[in-house]
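The values are calculated or read from the model by the stated rules, or taken from the named source; none is laboratory data. Since we're looking at a predicted model, the values are computed, not measured. All Cβ positions, glycine included, derive from the backbone under ideal geometry; neighbour counts span all protein chains shown.
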Amino acid sequence: MRKHLSIGATISLLLFSSTPLLAQGVGHSFFMRDKIVRMYAGGAVACGGQADGAQVGQILEVYHATPRHRCMVGHVQVDQVFDDYFAHFQVTNGTPLKDDWVRLKRSTS
């Protein structure tokens with residue numbers, strides 16, 4: 001019985017002590033990827049950088065999503081890639097808002 005308790009305690013300690021180290025990667029990968037995190041007069045910042053394939057000049061579609069549906073609300077163009085996780089966009093048309101999602105424009109072929 002004591003052996004099982006000590007193994008459980010060791011596993012718990014390892015999991016909880018490593019969580020802060022993994023939080024940024026997990027947060028970016030599952031919760032924030034492609035999400036607009038800031039809107040202002042000069043454009044928008046979204047969570048999607050070099051690691052996600054963002055390149056200056058790309059046109060992306062912007063979607064507003066609710067639990068029941070998703071609708072396109074505009075387009076943005078990448079004008080600066082900050083790092084692996086974030087990029088700056090200029091709004092080309094539409095009315096994107098904070099917490100909307102950006103997505104690489106689909107080809108029409």
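Here are a few things to note about the model shown:
- Count of the range 54-94 residues which are in a loop (DSSP other than H, G, I, E, B) and surrounded by fewer than 12 Cβ atoms within 10 Å (Cβ to Cβ): 8
- Only listed residue being of a type in the set (Val, Ile, Thr) and modelled with pLDDT under 90, chosen from 78, 73, 56, 26: 26
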